[in-house]
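The values are calculated or read from the model by the stated rules, or taken from the named source; none is laboratory data. Treat the numbers as computed from the prediction; the structure is a model and nothing was measured. Cβ placement follows ideal geometry from the backbone for every residue including glycine, while neighbour counts extend to all protein chains displayed.
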Amino acid sequence: MLEKLRAGFTVELRGSHDYVLPGVVAALKTLPQVPQTLSLCTDDIFPDDLVKVGGMIDHIHRLVGHGMPAIDALRAGTLNGAMRLGREDLGRVAAGRRADIVVLADLESFAVQRVFVSGKQAARNGQLLAGTPGEPTTAFTDTVKLAPLTAEDFTLYAPAETGDTVEINTVYRPRFTEWQRLTVPVVNGVLDLPEDKLVMAVVHRHAKRSAQPSLGVLDEWGSWTGAIATTIAHDSHNLNVFGRDPADMAAAANALIACGGGMAVAKDGKVIALLPLPVCGLLSDAPVAKTAEALTKLRDAAAEVADWLPPVRTFKALVGASLACNPGPRVTDMGIGDGATGELRSLFDLHQF
């Protein structure tokens with residue numbers, strides 16, 4: 001971060017990975033002042049977190065909790081961001097500027113008391129005072145263009161004429177991935193994965209290419225007892241399914257195909273939690289409180305079947321597991337791609353790394 005600031009970059013400090021923030025605050029304290037080129041962004045916020053702690057205000061609150069002066073954090077989250085975007089009408093309270101103003105109780109709790117939008121009071125103490133709900137629409141609700149899938153679609157079949165074992169590519173650990181190889185027993189033509197290995201399937205859902213699931217094997221994701229499916233899957237937002245049992249994976253996938261996208265958890269061949277996100281497979285048309293409640297139940301169900309190990313092996317890691325622009329191997333709808341080298345391999349393509 002310091003190298004980027006010294007090189008003249010504008011840094012958008014994300015609030016999505018809290019474990020990074022203490023080191024960031026410590027580094028900033030080595031500077032004479034926090035530079036104007038440091039701005040804040042929230043990155044992804046799930047609805048239950050948004051209802052519970054807020055968005056940008058929570059990011060600022062946590063930075064101050066880690067030791068950043070409140071005024072510096074507020075400036076980075078308001079004025080610096082507005083200047084970065086070239087919005088001269090925002091970021092400061094002054095004549096000629098847009099009166100988008102948040103009134104805080106203090107600079108410790110950062111409790112929001114009142115919100116003004118373009119000079120008009122829009123909210124007080126967490127209650128909306130102005131604005132009306134939008135009109136219902138069915139636009140963008142048919143974006144999971146897939147026929148139902150079967151357990152066979154998620155079964156790891158060995159290539160023809162394979163012996164008792166087969167060597168495969170694996171994606172080692174979440175987020176900071178690496179290529180690895182694994183020798184796997186073959187039983188009746190199907191790979192017999194060790195219990196601590198996970199299958200990841202990416203299914204193209206936009207009707208622009210084949211919808212045949214692309215399968216990969218993940219390592220260091222723990223031992224799972226069910227499956228999780230999601231159509232929130234940066235950046236292509238295909239249908240991603242994680243699990244071990246093909247029946248569980250098919251159940252979770254088909255639940256999302258039926259409801260137009262979202263997130264689902266399955267165990268013992270049955271769906272045990274579902275969050276419908278019918279708008280583009282990414283957004284809910286339900287009130288935020290209802291959406292947050294559904295997501296909380298889904299998170300609890302996910303914790304039942306997944307083997308989380310924070311800070312890297314977490315629920316949030318699911319939505320970035322196929323982010324192909326990142327360095328290291330990622331399972332995509334076209335195979336296992338490496339964002340650093342541009343390589344694209346299949347599960348069984350074993351040329352030298």
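General remarks:
- Residue 341 falls short on exactly one of the conditions (1) more than 20 Å from residue 234 (Cα to Cα); (2) surrounded by fewer than 15 Cβ atoms within 10 Å (Cβ to Cβ); (3) among the hydroxyl-bearing types (Ser, Thr, Tyr), and that condition is (1).
- Taking the listed residues 189, 163, the one that is without any contact (Cβ under 8 Å) to a residue 60 or more places away in the chain, touching a Phe, Trp or Tyr at 6+ places or on another chain (Cβ under 7 Å), over 20 Å from residue 268 (Cβ atoms) and of a type outside the set (Phe, Trp, Tyr) is 189, with no other qualifying.
- Counting the residues of the range 275-317 that are within 13 Å of residue 262 (Cα to Cα), part of a loop (DSSP other than H, G, I, E, B) and touching a residue at least 12 places away in the same chain (Cβ under 8 Å) gives 7.
- Listed by first and then second residue, the pairs with beta-carbon distance under 6 Å, at least 6 apart or on different chains, first residue in the range 36-50 and among the aliphatic types (A, V, I, L, M), second crowded, with 18+ Cβ neighbours inside 10 Å and at pLDDT 90 or above, are 38/11; 38/76; 40/13; 40/59; 40/76; 40/77.
Here is a yes/no grid of residues against (1) closer than 21 Å to residue 142 by Cα; (2) part of a strand (DSSP E or B); (3) not basic (Lys, Arg):
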residue	(1), (2), (3)
202	yes, yes, yes
207	yes, no, yes
241	yes, yes, yes
252	yes, no, yes
266	no, yes, yes
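- Within the range 224-248, the set of residues being surrounded by 24 or more Cβ atoms within 10 Å (Cβ to Cβ) and among the acidic types (Asp, Glu) comprises just one member, 248.
- Scope the range 146-185; condition in a loop (DSSP other than H, G, I, E, B) and more than 27 Å from the chain's Cα centre (by Cα); matching residues: 158, 159, 160, 161, 162, 163, 164
- Residues that are assigned to a loop (DSSP other than H, G, I, E, B), over 21 Å from residue 110 (Cα atoms) and either in contact with a Lys or Arg (Cβ under 9 Å, 6 or more places away or on another chain) or in contact (Cβ under 8 Å) with a residue 40 or more places away in the chain (or both) within the range 1-34 comprise just one, 10.
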